[in-house]
Each structure stands twice: as structure tokens, then as C-alpha cells.
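Colleague: Submitted below is the structure of interest, expressed as C-alpha cells.
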Amino acid sequence: MTPDLVGGLESPDYASHDRAAHEPYVAVFTEDVKRELDELLTRYPTKMAALLPALWIVQRERSWVSEEGMAEVAGLLDLTPAYVKGVVTFYTMYHQHPVGKYFIQVCTTSPCGICGAEDVVKAFLRHTKTGELGLTSPDGRYTVIEVECLGACGFATPVMVNEEFIESVTPDKVPELPPRLA
């Protein structure tokens, strides 16, 4: 049987990429993390005002914000789970599914597109073995997505890897980046 090809790659084993989505939920806000939230709450006039930072804490601890994580935050901040989910689904910076250790965002807006961003995306998909935008590599290391703008049109093609900004990425430079992330 011939393996399916996705973007010139053998289709990855996607069963392993979302293992975290099917594991039993363990509370995020225990011990030190709960103390961090309690201290954070002293800086805001209401519990509701601390919603975005509380969600950042969940994402920092788990790399994504699950339904259970949203419910945990809702309970701690006296909000409804539906309200918290509305916030998570509104903001694109919150991951609603497990992502890789290295979350790679490639700007593909018009100026970057003209400068070859699509080839940069293809190079990342090939070298990280993710095979498709938004999916995580079978080893759990990489997730690649396109973003509309990283605000660096003078340095096409800009890329964000987690919190690190990398400017002027070309397809030729992509193979150098994943080893640098290891």
C-alpha cells in the first residue's frame, strides 16, 4: 500500500498529535499556580477583569485552553463557562486544541505573499513534518499556522516561533530554524 502524500510528505500519524486532548483533565490552578492567580486578582478591580491573564496561565501551563480549562477558569472567576468560551473563541492567541512545543506562525498577508510567504509555509510544513497547517507533528514538537499579519512588512517573511520573532525568513533558511529550536 502506498502512503498518502500531503504537500510532498507521507501523511503523518495524526493519532499521536492530539493525545493531550483525550487525557483526563487535571486542574491547572493548584498550589503555586493558584497562588499566582490569587496575587493576580489583587491587581484587578473585579475577578472578571483578570480573565485574559487567567487564560494565559492555563495556556502557559498546558499549551492550550481546553473546555475543562475554560470551566475551571469560569468557576474561579465567578463567570459562566459560556462567557469564558466566548472570550477564548474571540481571541486568536488562545489555542483551542493541543499545539506543538514550537508554535510557528508564518505571515502570509499580501506584502509577505508577494515576497514568497507561501513557499516559506511549504518549507515549514515539509521540514517539521506537520504536513498540514494547524496540525501538530507526530512527535508533538511543531505546529505551523498562517497568520494575517505580524506587523513587519519591511522584513518579509516574518515568522513567530512561540514568543521569538524572526524576520526575513526564506524557504532556504527554514531548515536552519528547527535545529535552532531544539
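The values are calculated or read from the model by the stated rules, or taken from the named source; none is laboratory data. Quick caveat, the model's predicted, so the values are computed rather than measured. Using ideal geometry, Cβ is built from the backbone for each residue, glycine included, and neighbour counts are taken over all protein chains shown. Quick note on the areas: whole protein, heavy atoms, side chains included, nothing else; ligands and nucleic acids left out. Shrake-Rupley method; radii C 1.70, N 1.55, O 1.52, S 1.80 Å.
Colleague: Any idea what log10 I(q)/I(0) is at q = 0.18, 0.21 Å⁻¹ for segment 69-132, Debye with uniform C-alpha scatterers and no solvent?
Modeller: Calculated log10 I(q)/I(0) at the listed q: -0.78, -0.88.
Colleague: Further, regarding this structure: How far apart, in nanometres, would the label points at T80 and C149 be if each is projected 7 angstrom from Cα along the Cα-to-Cβ direction?
Modeller: It is 3.4 nm.
Colleague: On to the next question. Leaving out ligands, DNA and RNA, what percent of the accessible area of the chain is carbon and sulfur, probe 1.4 Å? All intermediate terms of the calculation are to be shown ahead of the outcome.
Modeller: Values: 5630 of 10160 Å².
Whole-percent figure for carbon plus sulfur exposure: 55.
Colleague: Which entries in the list K129/K173; K101/K129; K85/K122; K122/K173 go over 22 Å, if you measure between the two C-alpha atoms of each?
Modeller: Values: K129/K173 16 Å; K101/K129 14 Å; K85/K122 32 Å; K122/K173 12 Å.
Correct reply: K85/K122.
Colleague: Show me the ranking of peptides 31-42, 150-161 by mean Cβ neighbours inside 10 Å, starting with the highest.
Modeller: Details: 31-42: 12.3, 150-161: 18.8.
Peptide ranking by packing, descending: 150-161, 31-42.
Colleague: Which three lengths, in whole Å and largest first, does segment 25-72 cover when its Cα atoms are put on their principal axes?
Modeller: So the extents along the principal axes, rounded to whole Å, are 29, 19, 15.
Colleague: Could I ask something else about it? What list of ³J(HN,Hα) values in whole Hz, one per residue of segment 92-107 in order, does the Karplus curve 6.51 cos²θ - 1.76 cosθ + 1.60 (θ = phi - 60°) give from phi, with Gly and Pro shown as x?
Modeller: Listing the rounded values in order: 6, 7, 8, 7, 9, 8, x, 10, x, 4, 10, 9, 9, 10, 10, 6 Hz.
Colleague: With charges only on Cβ, +1 for K and R and -1 for D and E, what is the dipole size of segment 99-174 about its Cα centre, in debye, rounded to 20?
Modeller: On the way: 6 positive and 10 negative charges, 50 e Å.
So the dipole magnitude of segment 99-174 works out to roughly 240 debye.
Colleague: A further question on this structure: Binning at 5 angstrom from zero up to the longest distance, how are the C-alpha pair distances of the chain distributed in percent?
Modeller: With 5 Å bins starting at 0, P(r) equals 1, 8, 15, 16, 16, 14, 12, 9, 6, 2, 0, 0, 0.
Colleague: For segment 84-182, what is the convex hull (Cα atoms) projected area averaged across all directions, in square nanometres?
Modeller: On the way: hull surface 24.9 nm².
For segment 84-182, averaging the hull's shadow over all directions gives 6.2 nm².
Colleague: What does the charge count near P81 come to, summing +1 for each Lys or Arg and -1 for each Asp or Glu among other residues with Cβ under 10 Å from its Cβ? Let's see the in-between values first.
Modeller: Numbers: positive: K85; negative: E67, E68, E72.
Taking every Cβ under 10 Å from that of P81, the sum is -2.
Colleague: What nm value, rounded to one decimal, do you get for the distance between E39 and E23 when each label is placed 7 Å out toward the C-beta?
Modeller: 2.6
Colleague: Let me ask you something else. Only helical DSSP H runs with n ≥ 4 go in: add -39500 (n - 2.57) per run for the chain, normalise by residue count and round the 222 nm mean residue ellipticity to 500 deg cm²/dmol.
Modeller: Roughly -10000 deg cm²/dmol at 222 nm, from the helical runs in the chain.
Colleague: Rounded to the nearest 5, what is the percent of antiparallel bridges among the DSSP beta bridges in the chain?
Modeller: Values: 9 of 15 bridges.
Approximately 60 percent, going by the DSSP bridge assignments.
Colleague: Work the Kirkwood hydrodynamic radius out for segment 105-154: mean of 1/r over every pair of different alpha-carbon atoms, inverted, in Å.
Modeller: Answer for segment 105-154: a Kirkwood hydrodynamic radius of 11.1 Å.
Colleague: Would you mind getting the accessible area per residue of the chain, heavy atoms of the protein chains only, 1.4 Å probe, in Å²? If you can, show how the numbers build up before the last one.
Modeller: Values: 10160 Å² over 182 residues.
On a per-residue basis, 56 Å².
Colleague: Which one, V26, V73, V120, has the greatest fluctuation when you compute a Gaussian network model over the chain with C-alpha springs under 10 angstrom?
Modeller: Of the options given, V26 has the highest mean-square fluctuation.
Colleague: Let me cross-check Y83: its accessible surface, 1.4 Å probe, with only protein heavy atoms counted, in Å² to the nearest 10?
Modeller: 100
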